[in-house]
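Some notes on the structure that comes next.
The values are calculated or read from the model by the stated rules, or taken from the named source; none is laboratory data. Predicted model only: the values in this text are computed from it and were never measured. Every residue, glycine among them, receives a Cβ derived from its backbone with ideal geometry; neighbour counts consider all protein chains shown. Surface accessibility is based on the protein's heavy atoms, side chains included, excluding ligands, DNA and RNA. Shrake-Rupley method; radii C 1.70, N 1.55, O 1.52, S 1.80 Å.
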Amino acid sequence: MVAERALRTAAPHELLDAVRRVLLEQYAAESVELFLADYSLTLLQPVSVLPHTLEPVSVHSGPAGRAFGAQQPVVETLGEGRARVHLPVTVRGDRLGVLSVTVPGGGRVEECLAELAEIAEVLGHEVIVAERDTDLYMQARRKDRLTLAAEMQWQLLPGRSCARPEYELGAQLEPAYAIFGDNFDWSLTADHLMLYVTNGMGEGIEASLLTNLAINALRNARRAGLSIADQAALADQAVYAHYRGRCYVSVLMLDFELATGRARVVDAGSPRLLRLRGGVVEPVRFEEQLPLGMFEETDYVAQEFQVEPGDRLIFVSDGVYAVASPEGEPYGDTALTRAIQATRLLPAAEVPRAVLRELTGHRGRPVPDDDALVVCLDWRGR
């Protein structure tokens with residue numbers, strides 16, 4: 001493919017220029033713009049050299065927002081036989097943004113739609129690779145300045161969504177531009193999905209440093225091939241060795257067998273799990289064990305858990321279920337159940353953002369006092 005060759009040979013900061021040249025030559029494109037979803041998942045931000053000259057567009061409305069939400073190309077008919085095609089830019093289920101292309105001959109757009117969608121997909125892969133060598137795309141994602149703690153937390157994340165034949169995952173953090181302790185991590189092999197949901201202790205940069213230590217200790221143990229219980233033990237030792245029990249990390253760890261849906265679970269703290277099965281939402285309780293780093297050389301034991309095709313699992317931090325309304329009423333399992341039922345028809349990648357919007361309404365003010373984390377896992381099985 002001409003576009004793929006052009007993108008792979010382009011400098012990291014010139015991907016958009018490269019795809020523009022290809023679309024101009026191959027499809028007589030009049031304009032080509034790349035928009036990336038901002039950290040709060042509310043806006044699609046234009047990719048351009050600072051200061052930005054294009055206006056951002058909403059992810060909730062408009063043709064570009066519909067393409068992003070539905071993950072399908074949206075064709076916008078313009079005057080004089082022209083059309084603007086909005087193409088989702090997505091990498092293995094991780095929703096990055098939208099590529100908008102204005103082309104002549106609007107009536108013939110359907111003929112090249114599949115080719116344009118493939119170009120947008122290739123562009124997404126190249127953006128992910130290019131981010132190792134340029135700040136351009138990360139700068140485009142932010143509508144406000146990130147705090148240092150938030151910068152560290154976002155760099156630690158694997159992505160915000162992921163899709164494979166066996167499952168779909170979506171996650172979101174709030175406040176996006178000032179997050180400090182909560183985190184999530186996942187990793188896939190041929191036979192397993194490992195998922196960690198972390199509720200960090202403390203505030204600001206100290207909370208971010210603590211979570212960074214814990215997540216990297218868990219990854220180090222995971223990449224050494226250790227079991228999930230041994231991963232917890234190794235991370236526990238790493239955190240205790242540094243903080244001597246003054247600070248600790250709450251984490252819910254799950255290791256899913258893709259073929260069977262059997263999971264081994266270590267519940268080391270406060271993140272909670274609710275399951276939607278057959279239209280019924282119920283909390284899933286595990287035997288709670290000590291948070292990582294609270295005491296020296298804690299032993300952890302994995303428990304068994306079974307997921308079935310069609311299950312939806314929702315993981316939340318205490319910044320969700322413990323949030324109080326202006327009248328002092330905690331959000332709690334009842335409100336969470338309503339939110340999960342209200343979002344049951346949304347794809348997994350959309351659910352965390354929708355639940356956090358519900359939480360904002362309950363809280364009665366836009367800025368939370370504590371981190372809030374929602375992770376949604378839709379299990380399809382094999």
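At-a-glance table
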{"quantity": "Gaussian network model of the chain, springs between alpha carbon atoms under 10 Å - residue of 204, 181, 328 with greatest fluctuation", "calculated": "328"}
{"quantity": "Using a Förster distance of 30 Å, the FRET efficiency for residue 224-residue 285 (Cβ separation, nearest 0.05)", "calculated": "0.50"}
{"quantity": "Cα lying deepest toward the dipole's positive end in the range 283-350, options 302, 342, 323, charges on Cβ", "calculated": "342"}
{"quantity": "Exposure ranking of 382, 264, 275 by accessible area [1.4 Å probe, largest first]", "calculated": "382, 264, 275"}
{"quantity": "Max mean-square fluctuation residue, GNM over the chain, Cα-Cα springs under 10 Å, options 104, 175, 46", "calculated": "104"}
{"quantity": "Stretch in the chain that is longest and holds no GluC sites (Glu not before Pro) that DSSP places in a loop and that have at most 15 other beta carbons within 10 Å", "calculated": "204-286"}
{"quantity": "Where trypsin sites (Lys or Arg not before Pro) fall in DSSP loop in the range 1-86, at most 16 other Cβ within 10 Å", "calculated": "82"}
{"quantity": "Label zone at residue 301, where the point sits 7 Å out along the Cα-to-Cβ direction: the range 262-293 residues whose backbone N lies under 14 Å", "calculated": "265-267, 286-290"}
{"quantity": "Estimated inter-spin distance, residue 139 and residue 71, nm [label 7 Å along Cα→Cβ]", "calculated": "3.1 nm"}
{"quantity": "MRE, 222 nm, helices only [DSSP H, n ≥ 4, -39500 (n - 2.57), over the chain, to nearest 500]", "calculated": "-10500 deg cm²/dmol"}
{"quantity": "For residue 360, solvent-accessible area (1.4 Å; no DNA, RNA or ligand), Å²", "calculated": "40 Å²"}
{"quantity": "For the range 218-332, convex hull of alpha carbons as volume per residue, Å³", "calculated": "120 Å³"}
{"quantity": "Rough spin-label spacing in nm, given labels placed 7 Å along Cα→Cβ, for residue 380 and residue 216", "calculated": "3.6 nm"}
{"quantity": "R0 of 22 Å, Cβ-Cβ distance residue 205-residue 157: FRET efficiency to nearest 0.05", "calculated": "0.80"}
{"quantity": "More than 39 angstrom apart: percent of Cα pairs within the chain", "calculated": "20 percent"}
